[in-house]
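Worksheet for the structure shown next.
Laboratory data are not the source of any read-out in this text; all were calculated from the coordinates shown. Model, not experiment: these values are computed from the prediction. Heads up, the Cβs are rebuilt from the backbone with ideal geometry, glycines too, and the neighbour counts pull from every protein chain shown.
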Amino acid sequence: MAEPQYDYYHQRKNTPSTSKILAISTIVPFGASLLILAFLSLTVTVIGLAVATPLLVFFSPILVPAALLIGFAVAGFLASGACGITSLSSFAWMASYLRHSRLPEQLQCAKDRAQETLGDLAQRTKEAAESGISKAQEMTQSTAHEVGKAQEGNRTSS
């Protein structure tokens, strides 16, 4: 009887839990969208820089637009890096969370303890009911015996 529980435990250990599936289904789209935003930001920044470089060379005397262009290019690279780092850290957090998650094992242990306690309670209730029934039968028999004696005593005295 111990082997089916052992097999059940190892079988449950290899199956993904609901919390893990929920974590994956939440983090994967979030991380993927951040990676797409990082790629788009980098692409737009590189294209903008490639288009604006000749303009910067031809209009070098105009420093204010050049400074703005450089500022926007730096901002684009920083935004791309921020989105990329955020998505990578999200994936790293998800991997760490799933690796260290022990909640399903704790829930299974609590469930086993609850079933054990309920089984003990059912057994005690059954024993108490049987004891009560036997006491009631004894009382009924003793009462019937006393009533029988009283009736015999009434017959002899009449």
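Read through the labelled values [x] -0.64; [y] -0.48; [z] -0.77 and report the label of the one computed as log10 I(q)/I(0) by the Debye sum over Cα atoms at q = 0.11 Å⁻¹ from the structure.
[z]
Counting only pairs 8 or more places apart or on different chains, how many lysine pairs in the chain have C-alpha atoms closer than 29 Å?
5
Mark the label point 7 Å from the Cα of Thr43 along Cα→Cβ and return the residues of the stretch 79-108 whose backbone N is within less than 19 Å of it.
Counting backbone N atoms under 19 Å from the label point, the list is 79-85, 87-88.
How large is ³J(HN,Hα), in whole Hz, for each residue of the stretch 31-43 in order, when computed from phi with the Karplus curve 6.51 cos²θ - 1.76 cosθ + 1.60 and θ = phi - 60°, using x for Gly and Pro?
Rounded to whole hertz, the list is x, 5, 5, 5, 5, 5, 4, 5, 5, 5, 4, 5, 5.
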